[in-house]
Every structure is written in structure tokens, then in C-alpha cells.
């Protein structure tokens, strides 16, 4: 009898990747979403799907790659917290609940860090809208008693893969705009200050830290957690070798064969963010995250270094693989 995994929010690029990988490994893969094997709001169907499953992975949530309007902020919060609470109720109703529940979270929960890395043990939480979303999301996961289910909040750094946050950076590089994204002075508005979406100018010269993880290692970590019942709670999912924005853009230029790349100052980024309906925080916040618990537990990263990770995703021709397989950690 095949092993069964339930993936909620499987329509995104991470979810699609996990579905394909687990099916290739012979698992019975069930999906929860607005469409799928069970849909949000149908509590009995969710419970039936989860009962007897080996793993639950929840990736549900509206993309943060948008303008942080009042309506979008409410949807970003609701799409994470409400779905997580709905899954908790369904797990609680199972006769044989899944022994492992891996719930997406974000490394953005940590403060802007230029002075030292953030680990699970010593990391300091930040403030503002994005941090508030992340803390509410994790609180919804860990609230309540689920004695038969081990819960893990996977604080993911920027995930690199086809269709990821790397895509707009690749486009900029190909257009000759592949220099660093430089922070600088920009005036706040009353609405952004009130909403907690204002980004204060900090790192200079594109030296804001860039913590990242290859999508193959997201899969590898979930596999690893499945066979490690001693690991629960907060787990940082990031490469042990974070980079910075200027270095990332330099690697992209090298991989794509671009001899130059113009830097983009804060004022250009702010105007461009309005045009493409996104926020500058996504490229200007310094995210310096280390996966201390995974490293201590013996997880071996398939892509610990930045250049091979980017080359696997972005390089043309046979260097690029459709579905990279992580190291055998489980």
C-alpha cells in the first residue's frame, strides 16, 4: 500500500513541485485548495482526506508579491490563518491523524539583520505588517492540543526555482539592469506607516543579506523531517550559506553571460514597484538566516552554494534539469 501525503495550497510553484516529486516516488498525493481532492470550507471532506495520511504539508496563502493595499493585506492574513485553523480542526477530528504536519512560514519573521545571522535559538523577531502575518500564521499552527501530530513551522527563506522570486531578477539581468538594488532615502506616507509596510533605509550598496533555498532542498527537508520524530516546532529552511543582493546579481550576470548590469536606486525601485504592483521590502530587507537545527541534525543540502543553485535553474541547455533530486537524507 502506497504512502499518502496531503498537500494544501498545491497550486503554487512549490506545491506543484512537491506533487510531481512525491508522485514520482510512488506516494499517493492528495490536494486541498479551491479545487482538488477536497476544497476549503468542506470540513468533513478535509477530515476524510487527512485521516490515515502520513504527512500534511500546508502551503496555502495569497502571494505577498503584490501591493500592500488594505484589501490585499486582509487577504494575505486570512488566506494563511483561516486555512491553518481549518486544517487544525480537521486534524483534531481524525481517528488516525497524520503524524507530521509541516506548515509553511517565512524567514521574513526575523528582523532586518546586518549585524549577525538569525537562528531558531537566537533569532530576533522583527516588526511591521509582514512580521505580524508570520507570527499570526505560526500561532494558528501551534494553538490547541494535537497529541497525535508533530507540528513544524518551516521558516522558508526565498525559494529559488522555476517561477520563483528569481524570475523578475532574471528578467532585469537580461535587460541590462542586473546591478544591485540599492536602498536609500524615500519618504514615508501616513498610510504605510500606519499599516506597518514602510521600509526604512538601511543597508547600503546592495549589501542587504539574501537568504535563499533551492526548491529541491525544500523537498529534501520535508522528507528529512518525515523520518526525524525528534524535530518539531520552528525550523529554518535556508541555505547554510546566505549571500547578499549585490553578489546574487553578480552571479546572475555571470550565469546569463551579461557583461554589465545597471544598479537600481531606491527611487527607481519605488516607482517600478508601483508599476508592477509589488513592494520594495521584498528586495531591500536584509534577511540573514541560518538553518542551525537542520545542520545540527545532519541534513545534507543538495544546493548549499548559490552559484550552482542559480545555474541549475537559469542556465540554458543541458545544464538545467527539470526536476532536480535532493540528496538522500531520508
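The values are calculated or read from the model by the stated rules, or taken from the named source; none is laboratory data. What you are looking at is a predicted structure, and each value in this text was computed from that prediction instead of being measured. All Cβ positions, glycine included, derive from the backbone under ideal geometry; neighbour counts span all protein chains shown.
Couple of notes before you dig in:
- Failed criterion for residue 179 (all others in (1) more than 23 Å from the chain's Cα centre (by Cα); (2) in contact (Cβ under 8 Å) with a residue 24 or more places away in the chain; (3) closer than 30 Å to residue 83 by Cα hold): (3)
- For beta carbons closer than 9 Å, sequence separation of 6+ or different chains, a first residue in region 9-21 that is at positive phi and in contact (Cβ under 8 Å) with a residue 12 or more places away in the chain and a second that is part of a helix (DSSP H, G or I) and surrounded by 20 or more Cβ atoms within 10 Å (Cβ to Cβ), the qualifying pairs are 9/15; 9/83.
- Residue identified as in a helix (DSSP H, G or I) and at pLDDT 95 or above among 307, 270: 307
- Cross-chain or 6+ apart pairs with Cβ under 7 Å, region 217-229 first and assigned to a loop (DSSP other than H, G, I, E, B), then surrounded by fewer than 22 Cβ atoms within 10 Å (Cβ to Cβ) and at pLDDT 95 or above: 228/297; 229/150
- Residues in region 244-260 that are surrounded by 20 or more Cβ atoms within 10 Å (Cβ to Cβ) and not in a helix (DSSP H, G or I): 244 alone.
- Residue in region 173-183 that is assigned to a loop (DSSP other than H, G, I, E, B), touching a strand residue (DSSP E or B) at 6+ places or on another chain (Cβ under 8 Å), surrounded by fewer than 20 Cβ atoms within 10 Å (Cβ to Cβ) and at pLDDT below 90 present: no
- Region 148-171 - residue that is at pLDDT below 95 and crowded, with 19+ Cβ neighbours inside 10 Å and, of those, nearest to the chain's Cα centre (by Cα): 164
- Residues that are out of contact with any strand residue (DSSP E or B) (no Cβ under 7 Å at 6 or more places or on another chain) and not in a helix (DSSP H, G or I), drawn from region 162-172: 162, 163, 164
- Screening residue 264 on (1) touching a residue at least 60 places away in the same chain (Cβ under 8 Å); (2) under 24 Å from the mean Cα position of the chain (by Cα) shows it passes everything except condition (2).
- Within region 121-144, the set of residues being part of a loop (DSSP other than H, G, I, E, B), closer than 27 Å to residue 50 by Cβ and either under 16 Å from the mean Cα position of the chain (by Cα) or at pLDDT 95 or above (or both) comprises 143 only.
- Whichever residue in region 281-299 is in contact with a helix residue (DSSP H, G or I) (Cβ under 8 Å, 6 or more places away or on another chain) and surrounded by fewer than 20 Cβ atoms within 10 Å (Cβ to Cβ) and, among such residues, is nearest to residue 114 (Cα to Cα): 281
- Among the numbered conditions (1) over 20 Å from residue 231 (Cβ atoms); (2) free of Cβ contacts under 8 Å to residues at least 60 places away in the same chain, the only one that residue 73 does not meet is (2).
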